[in-house]
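First comes the structure, then the notes that go with it.
FYI, it's all coordinate maths here, none of it is from the lab. Keep in mind it's a predicted model, so treat the numbers as computed, not measured. With ideal geometry, Cβ positions are generated from the backbone for all residues, glycine too; neighbour counts draw on all protein chains shown.
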Amino acid sequence: MNKRLEFSVFCLESYKQAHQITGKEAYELFNEHRVFNFIEDYYDVLHTTGQQFIIEDIDRYLDSRITN
């Protein structure tokens, strides 16, 4: 598995656990709101941060996508 794909899975699993949702719910949310694209676009920055920051950054991204 390449590093970017592995990191995307890590982000999905981390988000799922932090929000106590199922893998299917997290996957559908990530697909619907293009979170995987966000992770890919900002991989260089995100992969150097901690798990909590990644979850918070995804939350901020989703807040901006869902409220707009």
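Amide H contacts under 5 Å for residue 47: none, restricted to partners 5 or more places along the chain or on a different chain, H placed in the peptide plane at 1.01 Å from N. Between residue 44 and residue 27, the modelled labels are 3.1 nm apart [label points 7 Å from Cα along Cα→Cβ]. Electrostatic tally near residue 21: other residues with Cβ closer than 15 Å to its Cβ, Lys and Arg +1, Asp and Glu -1, net -3. Here the chain was treated as a single set of alpha-carbon atoms; its pair distances binned every 5 Å from 0 give 3, 18, 32, 29, 15, 3, 0 percent. Between residue 10 and residue 37, residue separation times 0.36 nm minus the direct Cα-Cα distance comes to 8.3 nm. Only DSSP H runs of four or more residues enter the estimate; each adds -39500 (n - 2.57), and after division by the residues of the chain the mean residue ellipticity at 222 nm equals -24500 deg cm²/dmol.
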